[in-house]
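Worksheet: the structure to be examined is printed underneath.
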Amino acid sequence: MSTATQPIGVIAKLLDLSDRRVQQLSREGVIPKAERGQYDLIGSVRGYVRYLRDQAVKAQAGAPDYAAERARFIRARADLAEMEAEEKRRSLIAADQIEAAWIAVLALLRTRLLGLPDRLAPQVFERSTVGETRNLIRAVIREVLDDLAEPDVQLDSFEIDGIADPEANSAAGAGGSQATAGSDDQ
């Protein structure tokens with residue numbers, strides 16, 4: 001196969017470049033130069049095609065696709081509009097409201113459960129069998145859980161900071177616990 005050399009003008013027209021750009025690419029080693037003002041036709045085409053491939057790979061690796069980013073942006077806007085519509089229909093609740101409601105429910109559960117020993121101790125003491133005691137404890141636990149399951153519980157007005165540990169804040173509760181503990185020790 002013979003190597004055909006062509007003047008810079010032919011190479012520039014073939015590659016759709018200016019003469020100056022062909023010279024720059026030649027200095028960068030992309031297009032091989034055969035002799036003064038003459039360029040190897042096949043080598044020039046191959047070198048330029050290789051150069052364009054490398055540029056495309058670099059562009060894909062570094063820069064995001066505009067069309068894909070725009071589609072992602074449009075989807076995000078549509079999702080946001082849908083969430084706002086659901087919030088207005090009251091079928092969507094903000095995460096901080098859900099968190100506050102769960103905190104309130106769990107705090108109420110904690111308070112009720114911590115009150116069980118003081119409430120049950122005298123009744124358990126009166127039971128004559130283990131079966132009766134077990135049934136009493138189960139019934140009271142179900143009662144507490146049923147109270148929490150009722151939709152009448154007002155979580156909006158429930159004051160989380162006002163929840164008190166009955167053993168820590170109540171002197172009577174603490175005394176009652178000590179009195180009960182004292183009677184158990186005897």
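Just a few scattered comments:
- Residue match in region 61-80 (condition: open to solvent by less than 80 Å² (accessible area, probe 1.4 Å), more than 27 Å from the chain's Cα centre (by Cα) and without any contact (Cβ under 8 Å) to a residue 60 or more places away in the chain): no
- Scanning region 82-96 for residues that are at pLDDT 85 or above and surrounded by 10 or more Cβ atoms within 10 Å (Cβ to Cβ) gives GLU82, MET83, GLU84, ALA85.
- Looking at region 37-131, the helices (runs of 4 or more DSSP H) lying wholly inside it that each contain 2 or more residues that are closer than 30 Å to GLU150 by Cα sit at 66-88, 95-126.
- Residue identified as over 30 Å from ASP79 (Cβ atoms), open to solvent by 80 Å² or more (accessible area, probe 1.4 Å), basic (Lys, Arg) and at pLDDT 90 or above among ARG112, ARG142: ARG142
The values are calculated or read from the model by the stated rules, or taken from the named source; none is laboratory data. Everything numeric here is computed off the predicted structure, so don't read it as measured data. As a convention, Cβ positions derive from the backbone with ideal geometry for all residues, glycine included, and neighbour counts pool all protein chains shown. Protein only, heavy atoms only, side chains kept; ligands, DNA and RNA dropped before computing areas. Shrake-Rupley method; radii C 1.70, N 1.55, O 1.52, S 1.80 Å.
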